[in-house]
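**Q** After the structure tokens below, expect a handful of questions from me.
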Amino acid sequence: MAANDQRIKVVIVHYHLRRGGVTRVIESAREALRGKGVDLLVLSGEAPRADARQDGVRVVPALNYRKTGSSVIAESLAEALKKEAVAHFGVLPDVWHFHNPTLAKNVLIPSVVRVLAEEGARIVLQLHDFAEDGRPGNYSAQRSFFDSEASFESTLYPTARQIHYATINHRDHDFLKAAGMASGNLHVLPNAISELHVKTSPVDRPFSKDRLLALYPTRGIRRKNLGELLLLGLIFGDRIDFATTLSPENPEWLEVHKFWSDAIDELELPVQLGIADSGEYEFLDLIGWCDFVVTTSIAEGFGLAYLEPWMAEKCVFGRDLPDITRDFEKNGLSLPNLYPRIGFPAEWLDEEVLYGEIESMLRRSYLAYDCQMPRNAVKQTWKAWVGNGRVDFGVLNEELQLSVLRRVKKNPELLDQMRVPTLSLCTEKEVQEKREIIRDVYSPDAYGEKLEALYGKVTSCQVGKVGHLATAKVLKQFLNPSRLNLLRN
């Protein structure tokens, strides 16, 4: 606790409070900390939504998204944040809690954090996403903000006894640790999972009456791997309809989305993209109507898609992401209905074409981050992708995936040569058991206790000299040839 066992005063800082994952985390934190020994103030670049909680929020417009600025403007923003905090609490806060400060959504923020840290402020930096993880444009924008590489290096990842980092999974925790972060200042803070108040069931469904419905609750961006959903439609389409909930909003992603919509028509597959786009069906109704939830994503942060459906008593089937799901396993939640990959014979693809795609992707990726590509990078990626003469469908880009789909559609007997996942859904008892584990481990109450404990630890630490983590070492963890993918890079 803070000095004299007083309530801990915390300022949460974020770019905005629009609908989205981070806003949801902030809202969960506010609810979870009610009745605990923490007083919260939220500083946002814009006002909350009309239907969101309004109290305890102050708007600082300079926090909103921006790609340009200067150190002088950053110092001015730091002063503005302190002014708002004092106006609310009467004093400076015990803890400053920044969300995604290194993502370059606002290039001033790392400098703001540095200013506060050098003044002795106690800080929590919660990283949900990384510019180093397939977002070279963000990384370049943040680097360009600084007058020199040395300034960028010394500011992006500040370190000190009073600066603590929180990640939403152990993968990111381990990456920062490997880059040199002190274990005592590094924490895993998984998101809270709330109850889903679903009132519908499959028997109420107004469509797919004589078939099963597999729902993919997602917005169909590239990393969601829609091609693999079509493959599942090819494999199980004799008895199952598949659907995603929303289309993407980004025009670039919409173009890829149309690519798959056209492929569905061409291949005559029982797959519907963006079933909730028109507003005819409510999200929670769709969850209730489906027989099970599916995910084919090749990259996730926390992994909400693996947990939330169980709260609606829905089994989850699809692609496993061990970097994410290992956290669930550690907490006693096994997910046996996931498959690690869908392999097919490498000779189905032109080896030179695949090799060329890999080399091109790697060159683009390293160039985008202004890094030298390792000499053996292509071999590393090839080894990771092509094992025992088989290729994982999920690492391919849209064009290569479609070529495989067309081949199998033309000759369904080729499915015998693929490592087709087994669709075996959970029993009612298993569903309830998993639901109770999630309620216990990831409940809002459990989240509030972890967050309060983190704030308590931060307030009790000594203030030390501010140093920094080597940016190249952090980047190296993400820009690894064996973990890259044609759908992300």
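The values are calculated or read from the model by the stated rules, or taken from the named source; none is laboratory data. Worth saying up front: this structure is predicted, and the values here are computed from it rather than measured. Note that we place each Cβ from the backbone using ideal geometry, even for glycine, and neighbour counts take in every protein chain shown. Areas reflect the complete protein model, heavy atoms only, side chains present, ligands, DNA and RNA absent. Shrake-Rupley method; radii C 1.70, N 1.55, O 1.52, S 1.80 Å.
**Q** Please enumerate the residues belonging to the range 248-275 that are open to solvent by 20 Å² or more (accessible area, probe 1.4 Å) and either among the small types (Gly, Ala, Ser) or in a helix (DSSP H, G or I) (or both).
**A** Passing the criteria: Pro251, Glu252, Trp253, Leu254, Glu255, Val256, Lys258, Phe259, Ser261, Asp262, Asp265, Glu266.
**Q** I've got another one for you. Restricting attention to the range 209-239, and to residues there that are over 24 Å from Lys410 (Cβ atoms) and in a helix (DSSP H, G or I), which single residue is least open to solvent (accessible area, probe 1.4 Å)?
**A** The residue in question is Lys224.
**Q** In the range 112-151, what count of residues is obtained for those that are of a type in the set (A, V, I, L, M), within 14 Å of Gly69 (Cβ to Cβ) and open to solvent by 10 Å² or more (accessible area, probe 1.4 Å)?
**A** 2
**Q** Residues Ile342, Ile324, Ile298: which one is aliphatic (A, V, I, L, M) and more than 24 Å from Arg135 (Cβ to Cβ)?
**A** So the residue among Ile342, Ile324, Ile298 that is aliphatic (A, V, I, L, M) and more than 24 Å from Arg135 (Cβ to Cβ) is Ile342.
**Q** Can I ask one more? Of these, Ser154, Ser183, Ser144, which one is among the small types (Gly, Ala, Ser) and touching a residue at least 60 places away in the same chain (Cβ under 8 Å)?
**A** The conditions single out Ser154.
**Q** Quick one: count up the residues across the range 57-91 that are over 21 Å from Ala141 (Cβ atoms), in a loop (DSSP other than H, G, I, E, B) and touching a residue at least 40 places away in the same chain (Cβ under 8 Å).
**A** Adding up the residues that qualify gives 1.
**Q** If you take the residues of the range 413-428 that are surrounded by 13 or more Cβ atoms within 10 Å (Cβ to Cβ) and over 16 Å from Asn337 (Cβ atoms), which of them is nearest to the chain's Cα centre (by Cα)?
**A** Per the stated criteria, the residue is Met418.
**Q** Now for a separate question. Scan Arg375, Arg341 and give me the residue that is within 30 Å of Glu436 (Cα to Cα), modelled with pLDDT under 95 and of a type in the set (Lys, Arg).
**A** Unique residue meeting the criteria: Arg341.
**Q** Among the numbered criteria (1) in contact (Cβ under 8 Å) with a residue 40 or more places away in the chain; (2) surrounded by 21 or more Cβ atoms within 10 Å (Cβ to Cβ), which one does His173 miss?
**A** Going through the list (1) in contact (Cβ under 8 Å) with a residue 40 or more places away in the chain; (2) surrounded by 21 or more Cβ atoms within 10 Å (Cβ to Cβ), His173 breaks only (1).
**Q** Oh, and also: Can we say Arg161 is touching a residue at least 12 places away in the same chain (Cβ under 8 Å) and either buried (at least 18 other Cβ atoms within 10 Å of the Cβ) or part of a helix (DSSP H, G or I) (or both)?
**A** no
**Q** Out of all the residues in the range 18-53, which are free of Cβ contacts under 8 Å to residues at least 40 places away in the same chain, open to solvent by 30 Å² or more (accessible area, probe 1.4 Å) and part of a strand (DSSP E or B)?
**A** Residue satisfying the conditions is Leu40 alone.
**Q** Turning to a different aspect of this structure: What are the residues in the range 344-372 that are open to solvent by less than 40 Å² (accessible area, probe 1.4 Å) and either in a helix (DSSP H, G or I) or touching a Phe, Trp or Tyr at 6+ places or on another chain (Cβ under 9 Å) (or both), if any?
**A** Phe344, Ala346, Trp348, Leu354, Gly356, Ile358, Met361, Leu362, Ser365, Tyr366, Tyr369
**Q** How many residues, within the range 99-112, are outside any loop (DSSP other than H, G, I, E, B) and touching a helix residue (DSSP H, G or I) at 6+ places or on another chain (Cβ under 6 Å)?
**A** 4
**Q** Can you pull out the residues in the range 288-332 that are outside any loop (DSSP other than H, G, I, E, B), of a type in the set (D, E, K, R) and buried (at least 19 other Cβ atoms within 10 Å of the Cβ)?
**A** Answer for the range 288-332, where residues must be outside any loop (DSSP other than H, G, I, E, B), of a type in the set (D, E, K, R) and buried (at least 19 other Cβ atoms within 10 Å of the Cβ): Glu308, Arg319, Asp327.
**Q** Can you tell me how many residues within the range 54-81 are touching a helix residue (DSSP H, G or I) at 6+ places or on another chain (Cβ under 8 Å) and either surrounded by fewer than 12 Cβ atoms within 10 Å (Cβ to Cβ) or farther than 13 Å from Leu17 by Cβ (or both)?
**A** Selection size over the range 54-81: 13.
**Q** Do you know which residues across the range 186-204 are touching a residue at least 40 places away in the same chain (Cβ under 8 Å) and over 24 Å from the mean Cα position of the chain (by Cα)?
**A** Matches in the range 186-204: Val198, Lys199, Thr200, Ser201, Pro202, Asp204.
**Q** While we're looking at this one, here's another question. Name the residues in the range 193-203 that are assigned to a loop (DSSP other than H, G, I, E, B) and touching a Cys at 6+ places or on another chain (Cβ under 9 Å), would you?
**A** none
**Q** From (1) without any contact (Cβ under 8 Å) to a residue 40 or more places away in the chain; (2) open to solvent by 10 Å² or more (accessible area, probe 1.4 Å), pick out the condition that doesn't hold for Trp385.
**A** Looking at each condition in turn, Trp385 falls short on (2).
**Q** From Pro206, Pro190, which residue is within 20 Å of Trp96 (Cα to Cα) and either basic (Lys, Arg) or part of a loop (DSSP other than H, G, I, E, B) (or both)?
**A** Answer to the check: Pro190.
**Q** Follow-up. So is Arg341 surrounded by 15 or more Cβ atoms within 10 Å (Cβ to Cβ), out of contact with any Leu (no Cβ under 8 Å at 6 or more places or on another chain) and not in a helix (DSSP H, G or I) or not?
**A** Considered against the rule, which asks whether it is surrounded by 15 or more Cβ atoms within 10 Å (Cβ to Cβ), out of contact with any Leu (no Cβ under 8 Å at 6 or more places or on another chain) and not in a helix (DSSP H, G or I), Arg341 comes out as yes.
**Q** Just checking, which of Leu414, Leu425, Leu400, Leu454 is closer than 30 Å to Gln6 by Cβ and either out of contact with any Gly (no Cβ under 8 Å at 6 or more places or on another chain) or aromatic (Phe, Trp, Tyr) (or both)?
**A** Selected residue: Leu454, the only one of Leu414, Leu425, Leu400, Leu454 that is closer than 30 Å to Gln6 by Cβ and either out of contact with any Gly (no Cβ under 8 Å at 6 or more places or on another chain) or aromatic (Phe, Trp, Tyr) (or both).
**Q** Scan the range 194-212 and tell me whether some residue there is among the β-branched types (Val, Ile, Thr), in contact with a helix residue (DSSP H, G or I) (Cβ under 8 Å, 6 or more places away or on another chain) and closer than 30 Å to Tyr165 by Cβ.
**A** no
**Q** What's the number of the condition Asn397 fails, among (1) under 25 Å from the mean Cα position of the chain (by Cα); (2) over 26 Å from Ala299 (Cβ atoms); (3) polar (S, T, N, Q)?
**A** (2)
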